[in-house]
1. Is there a residue in region B:199-215 that is over 30 Å from the mean Cα position of the chain (by Cα), open to solvent by 20 Å² or more (accessible area, probe 1.4 Å) and acidic (Asp, Glu)?
2. Are there any pairs, at least 6 apart or on different chains, whose C-beta atoms fall under 8 Å, with the first in region B:224-237 and over 9 Å from residue A:53 (Cα atoms) and the second of a type in the set (A, V, I, L, M, F, W, C) and modelled with pLDDT of 95 or more, and if so, which?
3. Please specify each residue of region B:297-315 satisfying the condition of being of a type outside the set (D, E, K, R) and outside any helix (DSSP H, G or I).
4. Restricting to helices (runs of 4 or more DSSP H) lying wholly in region B:227-296: which have 1 or more residues that are at pLDDT 95 or above and within 14 Å of another protein chain (Cβ to nearest Cβ)?
5. Which one of these is crowded, with 23+ Cβ neighbours inside 10 Å and closer than 26 Å to residue B:164 by Cα: B:280, B:263, B:259, B:302?
6. Among the residues of region B:7-36, how many are open to solvent by 20 Å² or more (accessible area, probe 1.4 Å) and part of a helix (DSSP H, G or I)?
7. Scan A:149, A:126, A:131 and give me the residue that is out of contact with any Phe, Trp or Tyr (no Cβ under 8 Å at 6 or more places or on another chain) and at pLDDT 95 or above.
8. How about region B:178-201: which of its residues are among the polar types (S, T, N, Q) and at pLDDT 95 or above?
Amino acid sequence: MTSLPKSTGKKLGLVIDLDICVGCQGCVTSCKEWNTGGYSAPLTDEDPYGADPHGAWLNRVHGYEVGEGAEGRTVHFPRSCLHCDTPDCVTVCPTGASYKREEDGIVLVNPDTCIGCKLCSWACPYGAREYDYDDGVMKKCTLCVDRIYNENLDPRDRVPACVRACPTGARHFGDLGDPESEVSQLVRDRGGYDLLPEMGYRPVNKYLPPREARDVSSAVLIDEPATTKNEKTSAADRFFAWADQVLSR
Amino acid sequence: MHPAYSVILFTTASGAGYGLLALLSIAGLLNLVPLDPWLGFTGFLVSYAFITIGLLSSTFHLGHPERAWRAFSQWRTSWLSREGVMAIATYVPTGMFALGWFFDWTGGWVWALLGWLGVVFSIVTVYCTGMIYASLKTIRQWHMPQVAPLYVLLAAATGAVLLNLLLTVFGDARPWSFWTAIVLLASAMLFKMQYWVAAETDSKSHTAGRATGLGRFGKVRAFEPPHSTPNFVMREMGHRVGRKHARTLRTLAVVFGFAIPIAASAMLLLSSPLPSWLWATVATVSGAIGILIERWLFFAEAQHVVTLFYGEQEA
């Protein structure tokens, strides 16, 4: 099971256009909404109304500042599982719960056989896997496997929830193994690229780079954001804070 | 990487247990110790206690410990699975060898074969433990050729310290066992120091620019985090205290883990007014503290590539 298929019939994946993503987080919440009731249910949130809210989400959108001064720009950067062709997250799994589907290349976790050892999350360079502390198993993007083949849905809804939700059309879904598919053409036309190609995992998902800025005359400089310190609460945290102080002397 | 106590205890305790198991077996096979049933009984009991506590502790950090048996199935690709299979397999020849020792069925070729098989299985098991970490390309400080052999050498060195304690308590200690501990501890120390130097001089090959693919537009700086408090990825892989205090803690690891145990083992060679078991206890307690610091650092110092998405420039 954790051996990778020699080849996959299709290579279903996403193409994400960094030029038009506005960082609205709509795909993030739509993903959470669908998947907390779908294949990955539940996607537990810990301490949701408290001081330290966190939980399992399958899609995250970062905001980066790139470049300096007038050449600088803000890039909103969605990050989720890239459904790699040769991923280590699958082969390191000791139970066979983590697997890559032969028919369409989707990487999934079987929640009934996952032991929650978290080794797959260590093997992933993209931070795509998030452990559900409450459910005790690893959660990850399923490419909405329970939507894309679902004949009970309207055909236009048979795409991943994030793609359906994106108000700017920055997310595209299709077969990247077919060179004639719309997504493959998009990748060719726009110079789509892999994240960390040197690591050799051959991600299926591609990113389309931001286009060159047309007008830089109105650029504004922004100060570095101040970092906030988390409150130390548990005894172990206080011990390490103490050790931190002692060792810093 | 977040240094989980369960995994630190697992790797250190089971390592020392397999070290003692292998060295005690070798000592018995080569007639370096008397084949006294109670020496054997105690020695194997202590080894199995360390190994079993370690293995059980490794299941504490599982989300579903009751499914742990499934981990024996994927030995074709997974070093974690191989480690599990070998850990269980090692109980068989070593257990039969231990029974032979206790009931005085020693001397035959079957007993010798079981003994040597147990030694090889113990080494392979610890090697598999090391490979769980060494096989991860995402963590530069782990994906190094030194890591798995270092696990084996540290297991042997800590096992030798335990063997000295056992032999001094039973009054069967001989200079060879003190020398074994000194040589193993000294070589483990030098190997570990060489690893630290190599890990620091090794160039970081991944950048935030490559991770996001945005390096072509200039320096990539994290501006808006995707979540307001740390998520699982940051909790598990964003640990930093270790790197800040690495130098101090490395010194403590060397002093407690190697220098004091070596000095205490050397005292056993000299005629000291203090009882020999006392020096062996000093070596064991100090070694335990040192090796726990060493293992804590192994995790805490390791930088995961995913931190590039969260503001680190290089990994």
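1. No - not one qualifying residue is present in region B:199-215.
2. The qualifying pairs are B:226/A:28; B:226/A:61; B:227/A:57; B:232/A:56; B:233/B:306; B:236/A:122; B:237/A:122; B:237/B:306.
3. Here is the first cut: in region B:297-315, the residues of a type outside the set (D, E, K, R) are B:297-300, B:302-311, B:313, B:315.
Result: B:302, B:303, B:304, B:311, B:313, B:315.
4. Numbers: elements: B:232-237, B:241-244, B:246-254, B:260-269.
Correct list: B:232-237, B:246-254.
5. Residue meeting the stated conditions: B:280.
6. Going residue by residue through region B:7-36, those that are open to solvent by 20 Å² or more (accessible area, probe 1.4 Å) are B:9, B:23, B:26, B:29-32, B:34-36.
Then drop every residue that is not part of a helix (DSSP H, G or I), which leaves B:9, B:23, B:26, B:29.
So the answer is 4.
7. On the way: A:126 fails: out of contact with any Phe, Trp or Tyr (no Cβ under 8 Å at 6 or more places or on another chain); A:131 fails: out of contact with any Phe, Trp or Tyr (no Cβ under 8 Å at 6 or more places or on another chain).
Checking each option against the conditions leaves just A:149.
8. From region B:178-201, those among the polar types (S, T, N, Q) are B:180, B:187, B:194, B:201; that's our starting set.
Scanning region B:178-201 gives B:180, B:187, B:194.
The values are calculated or read from the model by the stated rules, or taken from the named source; none is laboratory data. Quantities reported herein were computed from a predicted structural model and do not represent experimental measurements. Don't worry about glycine lacking a Cβ; one is built from the backbone with ideal geometry, like all the others, and counts go over all protein chains shown. Just so you know, the surface numbers come from the protein's heavy atoms only, side chains and all, with ligands and any DNA or RNA stripped out. Shrake-Rupley method; radii C 1.70, N 1.55, O 1.52, S 1.80 Å.
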